[in-house]
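Here the structure is laid out as structure tokens; the discussion comes afterwards.
The values are calculated or read from the model by the stated rules, or taken from the named source; none is laboratory data. Just so you know, these numbers come straight off a predicted model, no measurement behind them. Because the Cβ atoms are built from the backbone with ideal geometry, glycine has one as well, and the counts that use them run over all protein chains shown. Please note that ligands, DNA and RNA were not included when accessible areas were found on the heavy atoms of the full protein model with its side chains. Shrake-Rupley method; radii C 1.70, N 1.55, O 1.52, S 1.80 Å.
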Amino acid sequence: MIAFVSGPVAALAPDAAVVEVGGIGMAVQCTPGTLSGLRIGEQTRLATSLVVREDSLTLYGFADDDERQTFELLQTASGVGPRLAQAMLAVHSPDALRRAVASGDEKALTAVPGIGKKGAQKLLLELKDRLGEPVGSAGPAIGSPVTAGWRDQLHAALIGLGYATREADEAVGAVAPQAEAAVADGGTPQVSQLLKAALQSLNRAR
């Protein structure tokens, strides 16, 4: 098993990074939140989980060991493959998932694309004794929604993905109403979700 990869970031895409390890480029599937912390040319260390299939070998990368462990535990639930587990971590931090499961928060799970009401109920039952209790403080955990600084984080993530400053500025402006609406509703904008929307707006503009 490949427990982690360490080296300079050679390339970034909307759903993956290429990390140079000993002269070899390792393609690693990552969530937008993890990708937002990477910069081309800079050193990184990603915890990884290798998923082996008959026709493929896919390496999934995470900001830390907690994310990787949560990713692997999620897949012990029936019907949860690596893609869905990664989608769950794209929407929620590991601690947010633990809080959701511990409190039976069905709404939090249905916020993940691909999980409906019945699926959420089933996952709450199956994961209740597997994920454990939240380990962080009552405040937001790493990777959880933040209000302050979302513009800077999103802008930096887009620059890291190779977009020009002008393009990043336009994309941030395009998703600003979405972020402001979340704040107005008493919620907090999630950088990972805003990054997805920003990338969609940039693709439409091209």
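So for the stretch 130-152 (the condition being more than 17 Å from residue 15 (Cα to Cα), of a type in the set (Val, Ile, Thr) and modelled with pLDDT of 85 or more), does at least one residue qualify? Spell out how you get there, then give the answer.
At the first step, the residues of the stretch 130-152 found to be more than 17 Å from residue 15 (Cα to Cα) are 130-142, 144-152.
Next, only the ones that are of a type in the set (Val, Ile, Thr) stay: 135, 142, 146-147.
Adding the requirement that they be modelled with pLDDT of 85 or more leaves none.
No.
May I ask you to say which residue of 95, 65 is out of contact with any strand residue (DSSP E or B) (no Cβ under 6 Å at 6 or more places or on another chain) and of a type outside the set (A, V, I, L, M, F, W, C)? So that I can check it myself, show each step before the final result.
Values: 65 fails: out of contact with any strand residue (DSSP E or B) (no Cβ under 6 Å at 6 or more places or on another chain).
Selected residue: 95, the only one of 95, 65 that is out of contact with any strand residue (DSSP E or B) (no Cβ under 6 Å at 6 or more places or on another chain) and of a type outside the set (A, V, I, L, M, F, W, C).
When residue 67 is evaluated against the numbered criteria (1) over 19 Å from residue 37 (Cβ atoms); (2) of a type in the set (D, E, K, R); (3) crowded, with 18+ Cβ neighbours inside 10 Å, which criterion, by number, is the only one it fails?
For residue 67, the exception is condition (1).
Can you find a residue that is at pLDDT below 80, open to solvent by 50 Å² or more (accessible area, probe 1.4 Å) and not in a loop (DSSP other than H, G, I, E, B) anywhere in the stretch 163-181?
no
If a residue has to be in contact with a Cys (Cβ under 6 Å, 6 or more places away or on another chain) and without any contact (Cβ under 8 Å) to a residue 12 or more places away in the chain to count, how many in the stretch 31-69 make the cut? Break it down stepwise before answering.
Restricting attention to the stretch 31-69, the residues satisfying the condition of being in contact with a Cys (Cβ under 6 Å, 6 or more places away or on another chain) are 61.
Now restrict to residues that are without any contact (Cβ under 8 Å) to a residue 12 or more places away in the chain: none.
The number of residues fulfilling the criteria is 0.
Within the stretch 54-143, considering only helices (runs of 4 or more DSSP H) that don't extend past its boundaries, which have at least 2 residues that are on the phi < 0 side of the Ramachandran plot and out of contact with any helix residue (DSSP H, G or I) (no Cβ under 7 Å at 6 or more places or on another chain)? So that I can check it myself, show each step before the final result.
Values: elements: 65-74, 82-91, 94-103, 106-110, 117-127.
In the stretch 54-143, the matching helices (runs of 4 or more DSSP H) lie at 65-74, 82-91, 94-103, 117-127.
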